[in-house]
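Presented below is the structure to which this report refers.
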Amino acid sequence: MGEFAGVLLVFLSCLVVTGRCRDDTFTEELLIRPLTSGHIYSHFEFTTTWTTPEITRSIDQYRDFEFSHYDLFPRAFGEIVERYHVRELHLSLTQGLWRHRKWGYPIVDAPPGAQLWVWFNPTSENLDQTWRDLVNALSGLVCASLNFIDSTNTVSPELSYRPQGLAEEWYAGNSSYMRYAALPRENVCTENLTPWKKLLPCDTQSGLSMLLHPVPLYTAHYHALSLHLRPSCKDVSCSSVHLELTQALSLVQGPTLSSSGHQDWSLQQLFSTQLIYTCPLASMSKIYVDVTGNRDMKKFTLDPEPDIFDESGSGPSLRQLAVYDVQAALAGDGFNIEATYKSRHIYGIIPSPHLHVSRFITGYGQEGGSITVKFTNSGSTSLSVVYLEVLPWYLRLFLHTSHSYSHTKSPVYISKLVTARDREQGWLYEAVVEIPASSTIELSLDFTRALLKWLEYPPDANHGFYIPAATISAVLPTPR
Amino acid sequence: MTKLVEEKDMAGSREGAWAAAGFAAVLVLVGLPVWWYTTTVYRAHLPYSTIVNLSGQPLYHATGMTLVGETTATLSVELEKNLRSMQGIKFQISKRKPRKEEIAMIKSAVSLSDLDNKLTQIMHVAAGTLAVFVVHEPDFFESNVSIIVGRHRLTYVKPGVDVQLLSTVIKSMVIDPLANKRAQGSKLLHQLPGMHKREAMRQVPTEPGYDVTLTLMVPEPHRTEIDWDAKAAVNEYLKPVVNQLESVTKLIVRSQVLYMSGLNVSPKWSTDHEHFALPQDQLPLTINAIEAKLGSFVWTRPSLHFVIYIPRKKQMPLHIHSSDGEPTETNSFLVPRWGGVMIHNIPLAKGNASFPHYVTLDSHWIMSTVLTHLHRLLPIPSLKETEGLKILPSLDTCLLTEWQLDGLARARVSYYLSNIHITLQSLCELVGEISNMVISDEVGGWVWGAVEEWSECGQAAREGRLQEATLYCSRSFTQADAAFFHPSMLALLYFPDNQKYAIYVPLFLPVSIPVILSLKMVLGLYWKPSPRKEKVE
């Protein structure tokens, strides 16, 4: 009786508060973090969640989704997910390099160029053919030349890129359901932004997507556009599941120094437009400003005053955010946040993050060289990291010469190695590296270059050859 | 001394002649075939003669018709004569007297709809055929009505019925006349006068499956919150139709909601009707704004779109006006071969009500408009009640009657047959004309399969087996299309001629010039000795 009344109350309150209970929700958030190097890091996140009994069943039983009636979830993307047996999808298009040493860790990390990794449902169809069809469909959706992804740059790593959504042990451990590919040469421009914006329910007419004006976005130091689809829990207790589509845009814009050398910034200055309308379909629309280290507004002041302050973590992982509720703030006039600094910006020594890595090519000439990676662990505990390297087939690696230099000889455990076959398959080198506390380890892989046929050279020979970025997966002791 | 030199010369030149002849022989007998064999374009063998034969075969549907009841001989003879003139359909009329149970049923029936239900159960009219029942009891028929079309495949007529009227009704029931004309040959379309040509273009081209997309457009979600359970509406109204049409065509229904985008129209306020009037000539421009969000993104099936538009507050209420300045009855318009658009007006919010204003849509009106449009887009035969003709109203208005389903299947099979013929013929012509087209074994296999199924389909249509004909034809159509549009055929299509010369000329010219010149020497040897001999002697 008590439960019945409780359920009835919840049902009624749902109706009263929102008018009707929707299957899907849409939220938009923006985080602005002034970096110690003088840059401003902005991160937009547009999240659409969808839950119906059929979706829940598909997620629990690892079956293909069957979408029939779309509302806030974009149909263009839903049809691709439905047809190609996709369970989890992560696509990112990036221009620029994220400098971990100076800027810390981003919220969503992405290598320059295009990167796509997908977890498929267990199906009897040939996954390689499905992967090829999916890649072609996605390249049509985001207007990027993802169709250059083929067997020579696709791999299935063993330990890296585990599912970010719900997955059981038997599924997450089986890499045959997963494909990863990266195209480092891919350019990102407005023609990728436009179809990405069209996937949002409010389009560009209202809400935070009004701030996405192409000119300031594409003159930034770092610009990353990404699409993440995953099945996840609705709440902490995980009593119900939903399908979550996150569209994220990360931006690092150059120092916004005024004439007096103050790192003043404002939304108007960063994005060249103002927020005027709120998205009526969004259940939550918030802007966060990272004010860690700005206790009592000593370093800079924010105008207008933030609604609330949110604090999380402690010690080195302390984070303080000033929260603005956009839906409450917008009342017809434009909404603009301004930060005014009290003193000039000092380009001082920036404390390095816990783990940072530098990767470069040594050697000279066209014949060969070596890829060298330097891991630096500046923390007080030793770290085990998984290092993934995907190389094109025309770099012939010499594995017997891969070695590491360090004070204590720490072995490198190779978890997966796929040797290349000319014109058919690329290299996959995945190793687990143990980095002792407060030390630097160097790993190097020698290679010689194979002779290419005249049609296989990339256009514009002066650019050289683009090698995909390596991936480091680690579990850091402190949440940052 | 000179003689020795001459002899040596002659011997040398004889050897040289043999050498030159040998080179020429190798070049012609070995080189040419090897070159030809290694550079021909691979072509699988196609059944050209079979395609020509099948194109010549007549294209018609055999439709059986049973005439039940006490009739005069002239009725059936006249009927047969009238029906013979129909193109594309051959009627096979059989007569019989009514059985005891049928007569008893007529006597005991309360109304004609009751009689219709009961008779259908005992008569078992086969699929693809029709039956005409002559009923002598006059109280079933109203004063000036002589033909009543039943809900299933039966038609009831009075004994003294006008044969012309009956044959017109039967011709309209068997197949949609415009679809028939279109399927008979595209040349006939050009001959149609203006209005009929437009009407004939209204129907969607026949394909094995269609994507039906319902789009709800809400341009101002901050003002109105629309409550429309698309899933329930589709399950209640569209699902029965989709299930009924399963045997004939596959319809996949989806729905979506588009927010913040409107149709870019500029209606004018009409004071006498107290609403905004959207003139008919602005209608073609409305769809451009939302074109990008319509259509399937992964499937190649043709799409049928049905758009439901909620007007903006400043353009409410919005009505479509026809060319005579009067509002249309149904506030909707049909786009030929594409779908339909309807404008759903919602009640205005009261003065100081809080935003957003919560509105429920009239699902029944929306779905019945969708079904009406769908019926007009598919080649379904329809009858209008005229003088002397009455149609029994069906219990469930969204479902088709059985004779309509048969008519739809016939129209589709006719269209399939003509389309397959055109596709395969074009493929053969293309392949014959362009010598550079590669025909892989896969494509060849499809063409052979398509031809086989095409002949089976034509045979089934001529024998009146509609179900099988539909199955064969849809398979044949899919295979013929796959073969025609396969990209592998274009692999060597645009191989430039100058590249051919760039390869052949440096390869063959330096070899063949000395060979040809030495052939001249060979010839010279066989010509010269005769005057020489004379000189010596």
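The values are calculated or read from the model by the stated rules, or taken from the named source; none is laboratory data. Source: prediction; values computed, not measured. Here the Cβ positions follow ideal geometry from the backbone for every residue, glycine too, while neighbour counts run over all protein chains shown.
List of remarks:
- Of the set (1) buried (at least 20 other Cβ atoms within 10 Å of the Cβ); (2) under 30 Å from B:Val174 (Cα atoms), all apply to B:Arg376 but (1).
- Close pairs (7 angstrom Cβ cut-off, 6 or more residues apart or separate chains): within 12 Å of B:Leu59 (Cα to Cα) in region B:443-460, in a helix (DSSP H, G or I) and small (Gly, Ala, Ser) anywhere: B:Trp454/B:Ser476; B:Cys457/B:Ala469; B:Cys457/B:Ser476; B:Ala460/B:Ala469
- Set A:Thr478, A:Thr440, A:Thr448, A:Thr471: member being β-branched (Val, Ile, Thr) and farther than 25 Å from A:Ser415 by Cα: A:Thr478
- When A:Gly113, A:Gly173 are checked against the criterion of being away from chain B (no Cβ under 14 Å), touching a Ser or Thr at 6+ places or on another chain (Cβ under 9 Å) and either under 17 Å from A:Ile80 (Cβ atoms) or among the small types (Gly, Ala, Ser) (or both), a single residue qualifies: A:Gly113.
- Taken over region B:468-493, the criterion of being within 17 Å of the chain's Cα centre (by Cα) and in contact (Cβ under 8 Å) with a residue 40 or more places away in the chain is satisfied by B:Ala469, B:Thr470, B:Cys473, B:Ser474, B:Ser476, B:Phe477, B:Thr478, B:Ala480, B:Asp481, B:Ala483, B:Phe484.
Quick grid of which residues meet (1) crowded, with 19+ Cβ neighbours inside 10 Å; (2) within 10 Å of another protein chain (Cβ to nearest Cβ); (3) on the phi < 0 side of the Ramachandran plot:
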residue: B:Met201; (1), (2), (3): no, no, yes
residue: B:Glu207; (1), (2), (3): yes, no, yes
residue: B:Pro221; (1), (2), (3): yes, yes, yes
residue: B:Val234; (1), (2), (3): yes, yes, yes
residue: B:Val241; (1), (2), (3): yes, no, yes
residue: B:Glu246; (1), (2), (3): no, no, yes
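- Residues of region A:39-87 that turn out to be on the phi > 0 side of the Ramachandran plot, in contact with a Ser or Thr (Cβ under 8 Å, 6 or more places away or on another chain) and away from every other protein chain (no Cβ under 14 Å), as a count: 0
- Number of positions in region B:30-51 that are without any contact (Cβ under 8 Å) to a residue 24 or more places away in the chain and either in the same structural domain as B:Asp441 (by TED's automatic domain parsing) or in a helix (DSSP H, G or I) (or both): 11
- Some residue of region A:249-265 being among the small types (Gly, Ala, Ser), away from every other protein chain (no Cβ under 14 Å) and assigned to a strand (DSSP E or B): yes
- Residue check for B:Glu433: without any contact (Cβ under 8 Å) to a residue 12 or more places away in the chain and farther than 17 Å from B:Pro58 by Cα: yes
- Search result, residues across region B:223-232 that are within 7 Å of another protein chain (Cβ to nearest Cβ), closer than 17 Å to A:Phe67 by Cβ and surrounded by fewer than 20 Cβ atoms within 10 Å (Cβ to Cβ): B:Lys231
- Candidate set from region B:163-177 (those that are surrounded by fewer than 20 Cβ atoms within 10 Å (Cβ to Cβ) and aliphatic (A, V, I, L, M)); member that is nearest to B:Val145 (Cα to Cα): B:Leu165
- Matching residues in region B:228-255 - criterion: being assigned to a strand (DSSP E or B) and within 15 Å of B:Met367 (Cα to Cα): B:Val253, B:Arg254, B:Ser255
- Elements of the type helices (runs of 4 or more DSSP H) sitting completely within region B:435-535 and holding at least 1 residues that are within 28 Å of B:His421 (Cβ to Cβ): these cover B:441-463, B:466-484.
- Of the strands (runs of 3 or more DSSP E) lying entirely inside region A:270-375, those containing at least 3 residues that are away from chain B (no Cβ under 14 Å), modelled with pLDDT of 85 or more and within 30 Å of A:Asp71 (Cβ to Cβ) are A:284-290, A:319-325.
- Selection within region B:285-305 - more than 14 Å from chain A (Cβ to nearest Cβ), in contact (Cβ under 8 Å) with a residue 40 or more places away in the chain and outside any loop (DSSP other than H, G, I, E, B): B:Thr286, B:Ile287, B:Leu304
- Condition met for A:Val215 (surrounded by fewer than 17 Cβ atoms within 10 Å (Cβ to Cβ) and outside any loop (DSSP other than H, G, I, E, B)): yes
- Residues that are surrounded by fewer than 15 Cβ atoms within 10 Å (Cβ to Cβ) and out of contact with any Asp or Glu (no Cβ under 9 Å at 6 or more places or on another chain) within region A:430-450 comprise A:Ala437, A:Ser438, A:Glu442, listed in sequence order.
Rundown of residues vs (1) charged (D, E, K, R); (2) farther than 28 Å from B:Ala200 by Cβ; (3) surrounded by fewer than 23 Cβ atoms within 10 Å (Cβ to Cβ), yes/no style:
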{"residue": "B:Tyr416", "(1), (2), (3)": "no, no, no"}
{"residue": "B:Ile422", "(1), (2), (3)": "no, no, yes"}
{"residue": "B:Asp441", "(1), (2), (3)": "yes, yes, yes"}
{"residue": "B:Gly449", "(1), (2), (3)": "no, yes, yes"}
{"residue": "B:Ala461", "(1), (2), (3)": "no, no, no"}
{"residue": "B:Ser476", "(1), (2), (3)": "no, no, no"}
{"residue": "B:His486", "(1), (2), (3)": "no, yes, yes"}
{"residue": "B:Leu490", "(1), (2), (3)": "no, yes, yes"}
{"residue": "B:Ser518", "(1), (2), (3)": "no, yes, yes"}
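- Total residues in region A:138-154 satisfying the condition of being more than 14 Å from A:Trp196 (Cα to Cα) and either β-branched (Val, Ile, Thr) or in a helix (DSSP H, G or I) (or both): the figure is 6.
- Test: residue in region A:178-195 that is within 11 Å of chain B (Cβ to nearest Cβ), closer than 26 Å to A:Phe26 by Cβ and in contact (Cβ under 8 Å) with a residue 40 or more places away in the chain: yes
- Every residue from region A:415-429 that is of a type outside the set (Gly, Ala, Ser), outside any strand (DSSP E or B) and surrounded by 15 or more Cβ atoms within 10 Å (Cβ to Cβ): none
- When B:Thr50, B:Thr40, B:Thr63 are checked against the criterion of being over 18 Å from B:Leu166 (Cβ atoms) and either of a type in the set (Asp, Glu) or within 29 Å of the chain's Cα centre (by Cα) (or both), a single residue qualifies: B:Thr50.
- Exclusive hit being in contact (Cβ under 8 Å) with a residue 40 or more places away in the chain, out of contact with any His (no Cβ under 7 Å at 6 or more places or on another chain) and either within 14 Å of chain B (Cβ to nearest Cβ) or among the small types (Gly, Ala, Ser) (or both), set A:Leu134, A:Leu159, A:Leu97: A:Leu134
- Region A:451-472: number of residues that are assigned to a loop (DSSP other than H, G, I, E, B) and either in contact with a strand residue (DSSP E or B) (Cβ under 9 Å, 6 or more places away or on another chain) or over 21 Å from A:Ala114 (Cα atoms) (or both): 11
- Qualifying positions in region B:315-370 - closer than 17 Å to B:His273 by Cα and in a helix (DSSP H, G or I): B:Gln315
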